[in-house]
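Laboratory data are not the source of any read-out in this text; all were calculated from the coordinates shown. Keep in mind that this is a model prediction, so the values were computed, not measured. Using ideal geometry, Cβ is built from the backbone for each residue, glycine included, and neighbour counts are taken over all protein chains shown.
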Amino acid sequence: MLSTSRRLLLGAALSSAALAGCGLLDSGPEPEPQPDPLQPLLNEALALAAAYDRAILADASLAARLTPLADDHRAHAAELTRVIGTAAPSVAPSSSAPAGAGETTATLRKAEQAAQRTAVAACKAATPERAGLTGSIAACRATHAEALR
C-alpha cells in the first residue's frame, strides 16, 4: 500500500505527464503555417493589375484596351482572396506610378504568358474544389496574352 505522500507524488507526476502530452507545457514555438498554394496566383494578379495601371498612366491612349484586362486581374485577386480566406488586399486601380515605370504591350504580354504558366501549374495541382477557379484564371491569362498581340 502506498503512503499518502507517495500517492500525491505519483499523482502529480502523472498529471504533469498528461499535461505535457497535451502540449500545454511545451515551450517550443508553434510551427509556421504553410502558405496557401493559391497565394502565388493572388500575388501575380495584383502585380499584373498594377502593371496595367502603370502602362495606362504612361500612355493614356491604351486605357480603353488595357483597363478591362486590369479589371479582370482585380476580380481574380478578389476571388482568390475570398477562397484563400486572407485579408483583402487593395485591388483598386493605382493612381500613381513611378516615373519611367510604364510597361509596353510586349512586356505585358510576356508577363501574361508567364502568369498563365503559373496558373496552369496551379490548376494541375489544385483540389477539385479549386480547379475550376485556377483553370478559369489560366484561360483568362492566355486570352489576355493573345489580346496583347
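Phi angles across segment 28-45 convert, under the Karplus curve 6.51 cos²θ - 1.76 cosθ + 1.60 with θ = phi - 60°, into 3J(HN,Hα) values of x, x, 5, x, 5, x, 6, x, 5, x, 8, 4, x, 5, 5, 4, 5, 4 Hz, Gly and Pro given as x. Each residue of segment 138-148 was assigned a 3J(HN,Hα) from its phi angle through the Karplus curve 6.51 cos²θ - 1.76 cosθ + 1.60 (θ = phi - 60°); the sequence is 4, 5, 5, 5, 5, 5, 4, 4, 5, 5, 8 Hz, with glycine and proline shown as x. Report the calculated FRET efficiency for residue 61 and residue 32 (r = Cβ-Cβ distance, R0 = 35 Å), to the nearest 0.05. For R0 = 35 Å, the calculated efficiency reads 0.15.
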